[in-house]
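Throughout, read-outs are computed from the coordinates displayed, never taken from laboratory work. Model, not experiment: these values are computed from the prediction. Virtual Cβ from ideal backbone geometry, glycine too; neighbours counted across all protein chains shown.
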Amino acid sequence: MIASRDMFEAELKASASEIENLLERLLSGDVLDQEVARPEALRQAMHYAVLNGGKRLRPFLVMESTRMFGGNQTAALRIGAALECIHCYSLVHDDLPAMDDDDLRRGKPTVHIAFDEATAILAGDGLLTYAFDIIAAPETELAATAKIELVLALARAAGIGGMVGGQALDLAAEKASPGEAGILTLQAMKTGALIRFACEAGAIIAGASEVERKVMRRFGEKIGLAFQLADDLLDITSDAATMGKATGKDADRGKGTLVGLHGQSWAEEQLAMHVKDAEALLESYGERASLLIAAAHFVADRKS
Ligand code: GRG
């Protein structure tokens with residue numbers, strides 16, 4: 001069972017606006033208990049990094065996976081906001097001159113261009129740390145054990161064995177092509193791990209069984225693979241105006257991608273297969289999984 005594209009887009013928009021309202025409050029100038037002060041320029045840079053557009057796909061996956069298991073939606077919103085802080089920090093640091101050196105993100109000047117490099121580094125650091133604050137804070141209405149499980153799963157997804165490690169492998173891949181297995185590993189870490197966490201988070205929030213957590217991890221992995229293939233395809237087929245960032249950079253940097261190795265039509269077939277696999281994983285949830293399945297299709301068909 002799959003929700004229509006219109007229905008999915010309306011739900012994505014509605015959850016994005018809930019997330020943005022919460023992020024707006026979290027990134028206000030209000031000083032929290034045990035904080036000393038919030039330096040205004042840094043706060044503005046963090047606010048700019050987060051509230052500058054973006055599809056908010058990862059928070060949607062957190063909220064919808066929580067809904068599917070009947071978990072606490074208010075808590076899911078906060079976990080989604082925490083995850084979005086980590087995602088946005090990764091984009092800010094990825095855009096830095098020492099990394100991808102990009103001037104444009106989400107159609108606007110990148111944080112180090114709009115502010116300066118030191119502020120961009122600190123904004124990323126601040127967002128990474130804040131993500132764990134948001135999960136642990138008393139306002140997140142979850143049992144302490146669930147919070148610890150979320151902190152652990154998110155740290156593993158974001159750190160050396162996940163996104164940060166994937167970024168390191170990606171930088172190394174510019175000098176020596178890692179081959180197909182290496183590309184799959186680096187992509188599963190760099191972009192796949194946060195998406196996998198987003199899907200598993202709902203099962204943790206709702207206290208679902210270990211088997212269900214595993215299903216959601218596998219669903220997340222499939223969507224992650226689809227997301228990356230779509231991204232690699234968009235890098236060769238789209239343009240900067242549509243994407244809101246530079247395109248054609250993989251080939252320019254001699255970066256190995258599966259699309260580069262096997263060609264466009266192979267990648268399109270694989271993409272369709274990952275979406276089918278993702279769909280099959282949630283078959284037993286029936287109607288309750290319809291928006292998550294629509295999300296898998298959206299990831300594959302997205303235009304930006
Ligand atoms: C610097 C530690 C560190 C990590 C960077 C995720 C990442 C690792 C870099 C981003 C580079 C990139 C463009 C990867 C392709 C996939 C990706 C994460 C695209 C952006 O995600 P979307 O499409 O973006 O969800 P929005 O703007 O909608 O949030």
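Counting 0.36 nm for each residue step from Glu287 to Ala137 and taking away their Cα separation leaves a gain of 50.7 nm. Taking a span of 30 Å or more along the helix axis (Cα atoms) and a mean Kyte-Doolittle hydropathy of at least 0.0 as the rule, the DSSP H helices of the chain that qualify are 73-95. Once the Cβ-Cβ distance of Asp301 and Val36 is raised to the sixth power relative to R0 = 45 Å, the FRET efficiency obtained is 0.45. Here the calculated FRET efficiency for Lys13 and Lys276, from their Cβ-Cβ distance with R0 = 22 Å, stands at 0.25, rounded to the nearest 0.05. Computed from the Kirkwood radius of its Cα pairs, the Stokes-Einstein diffusion coefficient for the chain at 25 °C and 0.890 mPa s stands at 126 µm²/s. Rounded to the nearest 20 debye, the dipole size of the stretch 5-301 about its Cα centre is 460 debye, using +1 on the Cβ of Lys and Arg and -1 on the Cβ of Asp and Glu.
Legend: distances between Cα atoms for Lys175/Lys276; Lys214/Lys303; Lys55/Lys147; pairs beyond 28 Å are Lys175/Lys276; Lys214/Lys303.
Counting alpha carbon pairs within less than 8 Å and at least 6 residues apart, what relative contact order, in whole percent, applies to the chain?
The value is 22 percent.
Full extension of the chain between Thr145 and Val211 gives 21.9 nm of extra length, using 0.36 nm per residue less the Cα-Cα distance.
Estimate the FRET efficiency between Glu174 and Arg5 by the formula 1/(1 + (r/R0)^6), using the beta-carbon distance for r and 35 Å for R0, to the nearest 0.05.
In this case the efficiency is close to 0.45.
Other residues lying with their Cβ under 10 Å from the Cβ of Gly192 contribute a combined charge of +2, Lys and Arg counting +1, Asp and Glu -1.
For the stretch 1-105, the set of GluC sites (Glu not before Pro) satisfying both a DSSP loop assignment and a count of at most 14 other C-beta atoms within 10 Å is given as Glu35. With 0.36 nm allotted per residue and the present C-alpha distance subtracted, the Asp116-Ala155 stretch has 11.3 nm of extension available.
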